[in-house]
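Beneath this line is the structure, given in structure tokens, with notes to follow.
The values are calculated or read from the model by the stated rules, or taken from the named source; none is laboratory data. Small disclaimer: the values here were computed from a predicted structure and weren't measured. When we count neighbours, we look across all protein chains shown, and the Cβ atoms used for this are built from the backbone with ideal geometry, even at glycine.
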Amino acid sequence: MASKQEIRSEETKRAILTAAADLFATRGFETVSIREIAKAAGCSHTTLYIYFKDKEALLHHLSKEPLQSLALQMEETLSKQGRTPEENLREISSKFIHFCLRNRTMYTLFFMIKASRIDVEEPEKELQTLRNQLFGLLRQAVRRCLPSGIEEEKALAHARIYFYTLHGIVGTYTHSEEPLDSLMERLAPTFALAVDVFLAGSQNIMNRE
């Protein structure tokens, strides 16, 4: 059984994370200070530093569990048997878009803040490792839809383009106030068409080559 001190400590930590998430989402990561987060959480900035060494540590804690959960969903999709690569690509894309739109206020934090290259095998930051893992899963899904003989560098280029396409779709609706279920239902045909257009375009390019 947790002691009163342990319970208070956990409550303080949750309050700090909640305050940070709210402030980052409404005002942006770069403009918010540690002191402002601490004030919103109802503690001193020195107390905040007991739990988190800086804003990047807060960003990591806010992003880690959601991104890991998304990665698990995508891995499960890729492991499904008895389906075509195109079907898996459509499902994995739908899960990615659904996640991003469900977390519209946190989308930029999850994917853009302090971001580096998505195709580096060993990024310096742990958060970027998670982001790159997600790209790697999308890359696998795209690669399985391409001819087996295609050069890896070209396959990587196609995967990058597809990744940017998904982020372009998401970015269009990050500020929409439409409920998630309504948005996903209304735009499902457009999302599906985006996959078809990408696959058709990739096939056309490879046929020309």
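Structure summary
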| quantity | calculated |
| --- | --- |
| Phe52 hydrophobic (A, V, I, L, M, F, W, C), at negative phi and in contact with a Leu (Cβ under 7 Å, 6 or more places away or on another chain) | yes |
| Matching entry among Arg102, Arg117, Arg186 (being out of contact with any helix residue (DSSP H, G or I) (no Cβ under 9 Å at 6 or more places or on another chain) and surrounded by fewer than 17 Cβ atoms within 10 Å (Cβ to Cβ)) | Arg186 |
| Residues that are out of contact with any Leu (no Cβ under 6 Å at 6 or more places or on another chain) and among the small types (Gly, Ala, Ser), drawn from region 6-27 | Ser9, Ala15, Ala19, Ala25 |
| Selection within region 31-71 - under 27 Å from Leu134 (Cβ atoms), in contact (Cβ under 8 Å) with a residue 24 or more places away in the chain and more than 19 Å from the chain's Cα centre (by Cα) | Tyr51, Phe52 |
| Subset of region 125-154 (residues that are in contact (Cβ under 8 Å) with a residue 60 or more places away in the chain and outside any helix (DSSP H, G or I)) | Lys125, Leu146 |
| Enumeration of residues in region 142-175 that are hydroxyl-bearing (Ser, Thr, Tyr) and over 16 Å from Thr105 (Cα atoms) | Ser148, Tyr162, Tyr164, Thr165 |
| Test: residue in region 43-66 that is under 30 Å from Ser182 (Cβ atoms), touching an Asp or Glu at 6+ places or on another chain (Cβ under 9 Å), crowded, with 17+ Cβ neighbours inside 10 Å and among the polar types (S, T, N, Q) | no |
| Candidates Thr108, Thr77, filtered to the one that is farther than 30 Å from Pro147 by Cα and either β-branched (Val, Ile, Thr) or assigned to a loop (DSSP other than H, G, I, E, B) (or both) | Thr108 |
| Options Leu59, Leu70; residue that is modelled with pLDDT of 95 or more, at negative phi, assigned to a helix (DSSP H, G or I) and not aromatic (Phe, Trp, Tyr) | Leu70 |
| Cross-chain or 6+ apart pairs with Cβ under 6 Å, region 181-209 first and in contact (Cβ under 8 Å) with a residue 60 or more places away in the chain and of a type in the set (Val, Ile, Thr), then part of a helix (DSSP H, G or I) and surrounded by 10 or more Cβ atoms within 10 Å (Cβ to Cβ) | Val195/Arg90; Val195/Ser93 |
| Selection within region 84-117 - of a type in the set (Val, Ile, Thr), under 26 Å from Ala188 (Cβ atoms) and within 14 Å of the chain's Cα centre (by Cα) | Ile92, Ile97, Thr105, Thr108 |
| Pair list, Cβ under 6 Å, 6 or more apart: region 155-166 residue not assigned by TED's automatic domain parsing to the domain that holds Gly136, other residue surrounded by fewer than 19 Cβ atoms within 10 Å (Cβ to Cβ) and modelled with pLDDT under 90 | none |
| Unmet requirement for Leu156, which otherwise passes all of (1) touching an Asp or Glu at 6+ places or on another chain (Cβ under 8 Å); (2) surrounded by 19 or more Cβ atoms within 10 Å (Cβ to Cβ) | (2) |
| Some residue of region 29-38 being surrounded by fewer than 18 Cβ atoms within 10 Å (Cβ to Cβ), among the β-branched types (Val, Ile, Thr), not in a helix (DSSP H, G or I) and not assigned by TED's automatic domain parsing to the domain that holds Leu199 | yes |
